[in-house]
Amino acid sequence: MKIYNSDNWFYKLGIVGFNRIMKYNQTYNNLDLDKFNYYINEDYIQFDVELLNEFASCFYKYFINQYDTAKLTGSHLDWNMSRAQDKSKFTDSFKDIKKIISDKNKKIAKLKVTGYNRCEEIANQVKKIKYDDLDKLNHLLDEYKVIISEDKINIPITINYFKSVLSNSFFGQVSFLNVCNNSKSIKEQEQIIFNDYVQPVIDSENLKNIISLEDEEELKKFTVDKCDEISSKSSDVEKVIKVINKDIFGKKRKAKSVNEILERYNKCQICEEEISYGSDYSDGNFIPLAISDENSQNMFWNFNAKYPICPVCRLVLLCTAAGAATVFKNYMDEKYSYNDKLYYGFISMDGSLKNLIDQNEAFRNQSSKDISFEQYVLDYIGQKKEISLWQLQNILYVEFNADYGSKNSKLNYFNIPVYLAKFIVAHSDELQSIKDTKLRKEIFDALLKNQNLQNIVDLKLRSCVKTESFTDLYVLRIIKIENYLKQYKQLCEGGIKEVDDSAKKNLDFIYWQGSKIATVYRDNNGENKLPGICYRLLNATKAGNKKELMDTVIRIYMSAQKEIPYLFLDIIKESKLDYEEIAHSFIAGLNSKERESKEEK
């Protein structure tokens, strides 16, 4: 059978996930894909339908590895143990260690397995540990990590964990994800997946192949044999097979041909190729892009909530959770919870299916520890700079955060416009020079959303002034990036013929001027005046009050008995630099240390 590529990004996501599940099991669980003639073509994945008999087991093995709770708990314990070496951080780290063990033990207790008593003993011994007993603590934690890694403990807890993730962010409580199935064995849960998702695909493929033979005797044999196997709870495909058997081979023939029966059913609205057999797309197929059809008919034209979906597409969408990469937006404000910051990202692009798969593998396995679209772009440019401009313009980056409980879904679609692609290709070093990964993610997200970077600069400068901390050079680099973006927009619109790199030097000069003025104030015991001056300049800049901004600059230079540099005239004229760029560069310099002004930007 073949699973074809699609124009829909969420279907591409499912195909990437399907391939990822199969390749993982080929590498780590000895799944022989060659035996099933598994092959990735330019536009489809091809394999023998018998491979699907292995799908449910492969699905569970993949997600057990991806969400291994023993590894996750071990890494949390190791991180807190490393922090505990610092006596000033011992109390907080030790408190977290005890909480991690306590929470884990509550889950182990529900399993009623041997090993729980020892876990409780370790928890009680850990409670008595003091700072001077770090070696003993380390030994106890090592033993604890070995115990929780045992399959009888780790696998059941991991399964419940990954099922909760898939339920909350991808599928809701359908099929095997329903909480009533949590107490069932792995084999029983795998059987549920097989019955609900795999068997309908196998049946539909077999039915399609039998029909293609145009042999009624073979069709009769197939339907009779299948009807003998069907249990009381039938799938949609099995119901259709029953209808074929009754209407064609029953006591009274009611249909001339099988095609006459199949015409009663709609085509799948996703692939537009296969028959739906009566199934409809709903939130149980993919939460981020669906609603509960039966409960929301008033939101559909003529109250028709039907959106037919075939068995193959249902199976592919089940793999979307494996196709997405976890993206954690750690730069977001503390008012947002962990789940609010957790997104799932995907790179959608035109072209060959193999390239789509390769690029998403590169996205998930990128060079930095934290997965982000900006790091993928920078890595990609570093490897293939000569073709990256064309590629960047043809990428659709999708990220989503869905919550089944609150019925809330956040979806962000990002295309890289021409001006931004040209900037990234020509000046990726400006982004890479910002070593603060949180700040770089924030900047890149703002670029994709076409937001003004001056807002970020304003917040960073205000934060520095408020906390009485010195402005780092990253703020100046953000100002330079904003200037480059302005010029590339003008270049693409035909406003200028080429990008002027002298603006970068002028911004450096203004920054140094601010640093020199700050030195004058410090030398004359006027350092306490600098925060007030910075706030006055920031407020005038944000309000767009050029007159007040220029008046303040004049008073500053008069007070310092210095000549005003000619570049400050651009506050009024804005011939080369915007007044925000001038003001922010000057304020950054005012709030910097003198030594910073001597560093190479």
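The values are calculated or read from the model by the stated rules, or taken from the named source; none is laboratory data. What you are looking at is a predicted structure, and each value in this text was computed from that prediction instead of being measured. FYI the Cβ positions are ideal-geometry reconstructions off the backbone, even for glycines, and counts take in every protein chain you see. The accessibility values were calculated without ligands, DNA or RNA, using every heavy atom of the protein model including side chains. Shrake-Rupley method; radii C 1.70, N 1.55, O 1.52, S 1.80 Å.
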Ignoring solvent entirely, what values of log10 I(q)/I(0) come out of the Debye formula for the range 235-277 at 0.32 Å⁻¹ when each Cα is a single scatterer? -1.11
Cys residues of the chain counted as unpaired, since no other Cys beta-carbon is under 4.7 Å: 58, 119, 180, 227, 271, 313, 319, 464, 492, 534
The range 460-482-the range 2-73 distance, computed between alpha-carbon centres (Å): 46
Mean-position separation - Cα centroids, the range 216-284 and the range 317-379, in angstrom: 40
Taking the chain as the reference, fit the longest principal axis to its C-alpha atoms, fit the long axis of helix 134-148 to the helix C-alpha atoms, and give the angle between the two in degrees, 0 to 90, nearest 10. 30
Considering only protein heavy atoms and a 1.4 Å probe, what is the carbon-and-sulfur percentage of the accessible area of the chain? 47
Identify, among 511, 521, 427, the residue whose Cα sits farthest towards the positive end of the charge dipole of the range 394-527, taking +1 on the Cβ of Lys and Arg and -1 on the Cβ of Asp and Glu, with the dipole about the Cα centre. 427
I need the Kirkwood Rh of the chain: take the reciprocal of the average 1/r across all distinct C-alpha pairs and report it in angstrom. 28.8
May I ask which of 504/562; 110/130; 220/306 have a Cα-Cα span longer than 27 Å here? 110/130; 220/306
State in Å² the accessible area per residue of the chain; use a 1.4 Å probe, count heavy atoms of protein chains only, and round to the nearest integer. 50
Which of 23/145; 106/145; 480/547; 435/489 have a Cα-Cα distance over 19 Å? 23/145; 480/547; 435/489
Acute angle (nearest 10 degrees) that the helix 502-523 long axis makes with the longest principal axis of the chain, alpha-carbon atoms: 60
Ranked by accessible surface with a 1.4 Å probe, highest first, in what order do 374, 580, 218, 563 come? 563, 218, 580, 374
So, over other residues within a Cβ distance under 12 Å of residue 221, counting Lys, Arg +1 and Asp, Glu -1, the net charge is -4
Considering only the other residues whose Cβ falls under 11 Å of the Cβ of residue 233, what net charge follows from Lys and Arg at +1 and Asp and Glu at -1? -1
Taking the alpha-carbon distance from residue 187 and a cut-off under 17 Å, which lysines remain once sequence neighbours fewer than 8 residues away in the same chain are dropped? 61, 152, 163
Taking the highest mean first, how do the peptides 24-36, 474-486, 200-212 order by number of other beta carbon atoms within 10 angstrom per residue? 474-486, 200-212, 24-36
Please compute the contact order of the range 471-601 in relative form: average sequence separation of alpha-carbon pairs under 8 Å and at least six residues apart, divided by the residue count, as a percent. 41
Using just the Cα positions, wrap the range 324-432 in a convex hull and report its mean projected area in square nanometres, one decimal place. 7.8
How large is the dipole of the chain about the Cα centre if only Lys and Arg carry +1 and Asp and Glu carry -1, each at its Cβ, rounded to the nearest 20 debye? 1880
Place +1 on the Cβ of every Lys and Arg and -1 on the Cβ of every Asp and Glu in the range 1-53, take the dipole about the Cα centre, and give the residue among 18, 53, 33 whose Cα lies farthest towards its positive end. 18
Run the 1.4 Å probe and let me know the accessible area of residue 361, rounded to the nearest 10 Å². 50
Describe numerically, in nm with one decimal, the distance between label points set 7 Å from Cα along Cα→Cβ at residue 527 and at residue 146. 5.6
Would you mind listing how long the range 174-218 runs along its three principal axes, going by Cα atoms, in whole Å with the largest first? 46, 17, 11
Of every Cα-Cα pair in the range 452-600, the percentage lying beyond 27 Å is 17
Partner aspartates and glutamates whose C-alpha sits under 13 Å from that of residue 329, ignoring same-chain residues fewer than 8 away, are 340, 370, 374, 399, 442, 445
When all protein chains stay in place, what accessible area (Å², nearest 10, 1.4 Å probe) is found for residue 216? 80
How far, in degrees from 0 to 90, does helix 437-448 lean away from the longest principal axis of the Cα atoms of the chain, to the nearest 10? 80
